[in-house]
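Structure record follows, encoded as structure tokens.
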Amino acid sequence: MDNYTEGIAFILEGATEKVFYKEYLKYLSTLDEKASLIRDKSAENGEIVFCWKCEDKNVLIKFYVVGTITQVAHSGKWFRNMCCKKHNIPWTVYLCYDTDSSNSNISKFYEGDWNLLRQEIYEAKTSTIVDLAASADIEDIMLYDIENILTFLGITMPEKLVGRKGKAKMKALYRRAGKTYHEGERAKDMISKLDFDNITKNAPIKLDVLMKHILNLK
């Protein structure tokens, strides 16, 4: 399909963020009976590509996982070559990363390689950039729905969550259930059970911006 009306690019820091936002898009597709989210399995070079179809809109959605902070600069090249040059449509870019500390703000993500990335995106004449910055880890965001995580693991709420950051807390919960927490695709079963409505309303991340964007694609 090449009759896309606009594009959405997710540039993500890690594989777990990728799974989280894929599942979040699936959740959004259940909120609009006229919408459908279709995976393009013919995509080349291992790209993760979806099409959001709703009425006369065909929105191209692509994911790019940075992997490590040192690879941030390369995502600008990916966006320019694999998004803008291949598809002459308006683009919105969602930068999905964690701030490493619940006390940090996102100012450092406007410096260094992150600043160069933003410049490249704007030079490509994309429509907007949205920061989906999670406090500490993406697991911190998931833990806003700890009830469903506990149900998935088959355990009760501990007296205290062990660990400073979300990833450590999640690992501790899994250990309490006699399991091992794995990031990325291996966390999909748990992530798919999350109450995304609850997370959207309560977690300190601008998921409502993404929700409104997607659900207003008519």
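The values are calculated or read from the model by the stated rules, or taken from the named source; none is laboratory data. Because the structure is a prediction, the values reported are computed rather than measured. Cβ atoms come from the backbone with ideal geometry, glycine included; neighbour counts cover every protein chain shown. Only protein heavy atoms, including side chains, enter the accessible area calculation; ligands, DNA and RNA are left aside. Shrake-Rupley method; radii C 1.70, N 1.55, O 1.52, S 1.80 Å.
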Counting only residues that are touching an Asp or Glu at 6+ places or on another chain (Cβ under 6 Å) and of a type outside the set (Asp, Glu), which one in region 137-189 is nearest to residue 21 (Cα to Cα)?
138
What pairs can you find where one residue is in region 150-174 and touching a residue at least 40 places away in the same chain (Cβ under 8 Å), the other is aliphatic (A, V, I, L, M) and assigned to a helix (DSSP H, G or I), and their Cβ atoms are less than 7 Å apart, with a gap of 6+ or different chains?
152/190
Expected output for region 190-204 (first residue open to solvent by 40 Å² or more (accessible area, probe 1.4 Å), partner small (Gly, Ala, Ser), Cβ below 8 Å, 6+ apart or cross-chain) is 204/135
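Please specify each residue of region 1-40 satisfying the condition of being among the β-branched types (Val, Ile, Thr) and either assigned to a loop (DSSP other than H, G, I, E, B) or surrounded by fewer than 19 Cβ atoms within 10 Å (Cβ to Cβ) (or both). Step through it out loud before you land on a result.
Going residue by residue through region 1-40, those that are among the β-branched types (Val, Ile, Thr) are 5, 8, 11, 16, 19, 30, 38.
Listed by number, the residues that qualify are 5, 30, 38.
Can you find, within region 160-173, the residue that is surrounded by the fewest Cβ atoms within 10 Å (Cβ to Cβ) among those that are closer than 13 Å to residue 142 by Cα and of a type in the set (Gly, Ala, Ser)? Write out each step before concluding.
So in region 160-173, the residues closer than 13 Å to residue 142 by Cα come out as 165-171, 173.
Cutting the leftovers down to of a type in the set (Gly, Ala, Ser) gives us 166, 168.
Values: 166: 22, 168: 16.
Taking the candidates together, the pick is 168.
When you check residue 157 against the structure, is it surrounded by 13 or more Cβ atoms within 10 Å (Cβ to Cβ) and of a type in the set (A, V, I, L, M, F, W, C), yes or no?
Working: surrounded by 13 or more Cβ atoms within 10 Å (Cβ to Cβ): no; of a type in the set (A, V, I, L, M, F, W, C): yes.
No.
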A careful count of residues in region 41-53 that are over 23 Å from residue 183 (Cβ atoms), modelled with pLDDT of 85 or more and either surrounded by fewer than 19 Cβ atoms within 10 Å (Cβ to Cβ) or among the aliphatic types (A, V, I, L, M) (or both) gives 2
From the residues in region 107-129 that are among the hydrophobic types (A, V, I, L, M, F, W, C) and over 19 Å from residue 16 (Cβ atoms), which one is nearest to the chain's Cα centre (by Cα)?
129
Residues that are modelled with pLDDT of 95 or more, assigned to a loop (DSSP other than H, G, I, E, B) and closer than 24 Å to residue 67 by Cα, drawn from region 163-182:
180, 181, 182
So residue 185 clears everything in (1) over 27 Å from residue 9 (Cβ atoms); (2) assigned to a helix (DSSP H, G or I); (3) open to solvent by 60 Å² or more (accessible area, probe 1.4 Å); (4) touching a helix residue (DSSP H, G or I) at 6+ places or on another chain (Cβ under 7 Å) except one condition, right? Which one?
(1)
